[in-house]
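These notes are about the structure you will find just below.
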Amino acid sequence: MAFSLALPKRWSAQGWKAKIRDRERLEPPHVTITRGAKSWRLGLRDGRFLDGEPDPRDVPSGVVEAVTEHWDRLCEQWDALYPANPVGAEDDTND
């Protein structure tokens, strides 16, 4: 079951959402930030955006700050959903 992080009204009223989606067990641990049809994956291991498109600069710093305020909770939720791919594990994809 997916996990949705409640963002402050300022951001949710503008259509911003943050969640850990279902069926992402093989991907690097991340939280998905969405607005409309666009989505950005923010890595839970290093706090960097995983993709260059759409442009991460399109995500307001306030949305990123709201997400990072709940970093520990997001990591716990990822680990609960995907125990075989925990946040604290080494990432083998960059070797």
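If you check residue 43 against the conditions, is it of a type in the set (Gly, Ala, Ser) and touching a Cys at 6+ places or on another chain (Cβ under 9 Å)?
Values: of a type in the set (Gly, Ala, Ser): yes; touching a Cys at 6+ places or on another chain (Cβ under 9 Å): no.
So residue 43 fails the test.
Of all residue pairs spaced 6 or more apart or on separate chains, those with beta-carbon atoms under 8 Å, a first member in the range 71-85 that is closer than 13 Å to residue 31 by Cβ and a second member that is assigned to a helix (DSSP H, G or I) and not hydroxyl-bearing (Ser, Thr, Tyr) are 74/67.
Restricting attention to the range 50-87, and to residues there that are in a loop (DSSP other than H, G, I, E, B) and hydrophobic (A, V, I, L, M, F, W, C), which single residue is nearest to residue 37 (Cα to Cα)?
Our first condition is that a residue be in a loop (DSSP other than H, G, I, E, B); within the range 50-87, this holds for 50-55, 59-60, 69-70, 82-87.
Pick out the ones that are also hydrophobic (A, V, I, L, M, F, W, C) and you get 50, 59, 84, 87.
On the way: 50: 17, 59: 13, 84: 29, 87: 26 Å.
Restricting to residues being in a loop (DSSP other than H, G, I, E, B) and hydrophobic (A, V, I, L, M, F, W, C), the top hit is 59.
Checked against (1) touching an Asp or Glu at 6+ places or on another chain (Cβ under 9 Å); (2) under 20 Å from residue 87 (Cβ atoms); (3) free of Cβ contacts under 8 Å to residues at least 40 places away in the same chain, residue 1 meets all criteria but (3). Within the range 22-37, the set of residues being surrounded by 13 or more Cβ atoms within 10 Å (Cβ to Cβ) and in contact with a helix residue (DSSP H, G or I) (Cβ under 9 Å, 6 or more places away or on another chain) comprises 24, 28, 29, 30, 31, 33, 35. Of all residues in the range 11-49, those being in a loop (DSSP other than H, G, I, E, B), in contact with an Asp or Glu (Cβ under 9 Å, 6 or more places away or on another chain) and over 16 Å from residue 82 (Cα atoms) number 1. Residue 44 falls short on exactly one of the conditions (1) in contact with a Lys or Arg (Cβ under 9 Å, 6 or more places away or on another chain); (2) surrounded by 17 or more Cβ atoms within 10 Å (Cβ to Cβ), and that condition is (1).
Taking each residue of the range 47-58 that is on the phi > 0 side of the Ramachandran plot and looking for partners that are of a type in the set (S, T, N, Q) with beta-carbon atoms closer than 9 Å, six or more apart or interchain, yields 47/68.
Screening the range 1-21 for residues that are small (Gly, Ala, Ser) and at pLDDT 95 or above and picking the one that is surrounded by the most Cβ atoms within 10 Å (Cβ to Cβ) gives 18.
The values are calculated or read from the model by the stated rules, or taken from the named source; none is laboratory data. Remember, predicted model here, so these are calculated numbers, not experimental data. With ideal geometry, Cβ positions are generated from the backbone for all residues, glycine too; neighbour counts draw on all protein chains shown.
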